[in-house]
């Protein structure tokens, strides 16, 4: 297996960074390097020359805070022999080394491999990785959209994905939706993005430095930028409306209307300046998860021939789940007790798998993405199989 490089941006969270480096050091011996990029921290980050396990550590000090795009300098600094760049946050780390086999198994057209990302178990619950763990998963992402704290990119594909003469992540995004922007460029270039549950990451999700108003401002602006850049002309207006509506609901729930309105204001002055690079209809269906949803539901419908369905656990792109069912002639009803099938109505991997775990006792359950047999396996069972 070619060497890998762990890429970790950080800023003003020394204790958090130290825990993550300790977690990497606790992994079994393997060939890798660790590159930490300090995003203009005050004071700058301090790291050892190598971890206790012997993994070498490189520290890059940046004079400005580029958010997620600080990873670009880490990618450029990685040893050229590193085929894969494992992107982490300063509060996330792989749970084991099963992902090395997953990386090795990827065909050449796969340019990015997404992890199954877990959050810490609730107090009083079993430890993560045990048979009865109830750890929730990270929300976000889509079938071909990674989450930044747990994804591996082929180094060559990452550096070739340029925008505004910048390779990798667009620094204009800072944080949030930068993965969507990069994923669109990778899909447009002919690459695939896959998920492999052998790649398991724990995201501690440290609250330090998180402001809901800042988060909502960037979510509104950045997601609107993505739609403006890549949505086909006949879908762009509706996708922009959907973005604004979705984050208005979230802003009200999180008491962050100020951040939402600030994001709207930035959209009004920046949206027209976004470079148009619209995806083809087929690429757009992959980007939104429509293609994966259609394939999965068609396979399950052919096996069971259900005629009515109730949508449960609604989440991201639930409208696509509904559209795919209607394509099959399935009638959607509100009465769950009378429905032939209960269809999980989200295309985000984490919430989908959480919903599967919560409802797997019902034989009518249908998931709109991933093999149902694979979904029913616990992370402990997957780890045993990989071993």
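Taken together, the values in this text are just the output of simple stated rules run on the coordinates, not laboratory data. What you see is a predicted model, and the numbers here were worked out from it, not measured in a lab. Cβ atoms come from the backbone with ideal geometry, glycine included; neighbour counts cover every protein chain shown.
Computed quantities for the displayed model
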| read-out | value |
| --- | --- |
| Length added when fully stretched, residue 334-residue 188, from 0.36 nm per residue minus Cα-Cα | 48.8 nm |
| Rounded FRET efficiency, nearest 0.05, which uses the C-beta distance separating residue 42 from residue 326 and R0 of 41 Å | 0.15 |
| The stretch 2-93: C-alpha gyration tensor shape, a/c 1.5 cut-off, then a/b vs b/c | oblate |
| Potential extension, residue 299-residue 364 segment - 0.36 nm per residue separation minus Cα distance | 21.9 nm |
| Gyration tensor verdict on the stretch 226-352 (Cα atoms; rounded if a/c is under 1.5, prolate if a/b is larger than b/c, oblate otherwise) | oblate |
| Ascending count of other beta-carbon atoms within 10 Å, so fewest first, for 219, 88 | 219, 88 |
| Residue order, fewest to most surrounding Cβ atoms within 10 angstrom, among 241, 221, 295 | 241, 295, 221 |
| Relative contact order [Cα under 8 Å, 6+ residues apart], the chain, whole percent | 15 percent |
| Relative contact order for the stretch 1-126, counting Cα pairs under 8 Å that sit 6 or more residues apart, in percent | 33 percent |
| Paramagnetic label zone (point 7 Å from Cα along Cα-to-C-beta, residue 282; backbone N under 17 Å) in the stretch 232-249 | 232 |
| The stretch 1-159 shape via C-alpha gyration tensor axes, a/c threshold 1.5 | rounded |
| Of [x] 0.98; [y] 1.12; [z] 1.05, the label for Cα Rg over 2.2 N^0.38 Å derived from the coordinates | [x] |
| For the chain, share of DSSP beta bridges that run antiparallel, in % to the nearest 5 | 35 percent |
| Ranked list, fewest to most other Cβ atoms within 10 Å of each Cβ, for 57, 321, 330 | 57, 330, 321 |
